[in-house]
1. Please list 3J(HN,Hα) in residue order for the stretch 258-265, calculated via the Karplus relation 6.51 cos²θ - 1.76 cosθ + 1.60 where θ = phi - 60°; whole Hz, with x for glycine and proline.
2. Got a sec to turn the phi values of the stretch 47-55 into Karplus ³J(HN,Hα) couplings, 6.51 cos²θ - 1.76 cosθ + 1.60 with θ = phi - 60°, whole Hz, x for Gly and Pro?
3. Would you mind getting the accessible area per residue of the chain, heavy atoms of the protein chains only, 1.4 Å probe, in Å²?
4. For the chain, what is the mean residue ellipticity at 222 nm derived from helices alone (per DSSP H run of n ≥ 4: -39500 (n - 2.57); sum divided by total residues; nearest 500 deg cm²/dmol)?
5. Using Cα springs under 10 Å in a Gaussian network model of the chain, which residue among THR172, THR260, THR19 shows the largest mean-square fluctuation?
6. Measuring from centroid to centroid over Cα atoms, what is the spacing of the stretch 1-70 and the stretch 241-270 in Å?
7. Relative to the compact-globule scaling 2.2 N^0.38 Å, provide the ratio for the alpha-carbon radius of gyration of the chain.
8. Sort the following peptides by mean Cβ neighbour count (other Cβ atoms within 10 Å, averaged over residues), highest first: 28-39, 185-196.
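The values are calculated or read from the model by the stated rules, or taken from the named source; none is laboratory data. All values reported here derive from a predicted model rather than from experimental measurement. When we count neighbours, we look across all protein chains shown, and the Cβ atoms used for this are built from the backbone with ideal geometry, even at glycine. Keep in mind that these areas ignore ligands, DNA and RNA; they rest on the heavy atoms of the full protein, side chains included. Shrake-Rupley method; radii C 1.70, N 1.55, O 1.52, S 1.80 Å.
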Amino acid sequence: MDDLYPSRYRSEPAIVRRTTPVVHADSVDAAPIGVSMVRQYERDGVIVLENVFDSDEVAVLKRAADQLRVAPGQLSSGTVITEPETSGEDVVRSIFAIHQQSDVFFKLAVDERLAGLARYLLGDQVYMHQSRLNYKPAFQGKQFYWHSDFETWHIEDGMPDMRALSMSVMLTDNHPAAGPTLFLPGSHTSYVECVGETPENHYKDSLKKQEYGIPDGDSLTQLANEGGIISPPPPAGSVVIFDCNTMHGSNSNITPFERTNAFFVFNAWCNRL
């Protein structure tokens, strides 16, 4: 099978233009969100939907997230990722497979406000490729360097095509200075071939700090010059939706304000690994 999106094998980086659709829905008439939002997602590769979940729902989700964080010993082995380079204590960075370890987050994963919208945008039945809680703790939350999720999922996991998306449910207000996620609008239409052969079991280290599969500075500069950089600070209850190939990252959090979100990756059934 010809690989349309190779990476990590050349000595020099390259940018390949995307050839597949972003929105796979048959018609905008059945869109569960406004048509303008669908068009924005298609153009930018990222949208923010505010007030999707009310304050009572957010309170339940935040309480469940806090409970999981303080009891890591009760969670499945390998699903709890701690921050790198902390001062002598294990600070939880992410908890994976939350839809399999929490009834609260299972119900959130199958909620029609998320799964129904994913089915519409991807034009197929969907399944959960990945779920996790992301914590950006006050003063200690480290950066996530620029990356395309699809590049990693394609090269390391074997995801065939760009027919997946991420939904990030905000469990706290996102302060604009507390390391919000940065996006390069329009970058989802370009695939950056990265340099550097993938080490064995790289995923174990990359969850703390990614050093392979990251784009080069020239490619990032080109994408930023083409579409700019945005850093939406959505309030709690919002959902940020972005295409699997949208370039994104975040700075460290050196503020007193924590940032917590529940993160779900929906993959089209026809695109299963």
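1. Residue by residue, the stretch 258-265 yields 6, 10, 10, 9, 9, 10, 10, 10 Hz.
2. 9, 10, 10, 8, 6, 6, 10, 7, 5
3. Working: 12680 Å² over 273 residues.
I get 46 Å² per residue for this part.
4. Values: 8 runs with 67 residues, N = 273.
Value at 222 nm, helices only, nearest 500: -6500 deg cm²/dmol.
5. Among THR172, THR260, THR19, the largest GNM mean-square fluctuation belongs to THR19.
6. 9
7. On the way: Rg = 17.8 Å, N = 273, 2.2 N^0.38 = 18.5 Å.
For the chain, the normalised Cα radius of gyration is 0.96.
8. Values: 28-39: 13.4, 185-196: 21.9.
My ranking of the peptides, most packed first, is 185-196, 28-39.
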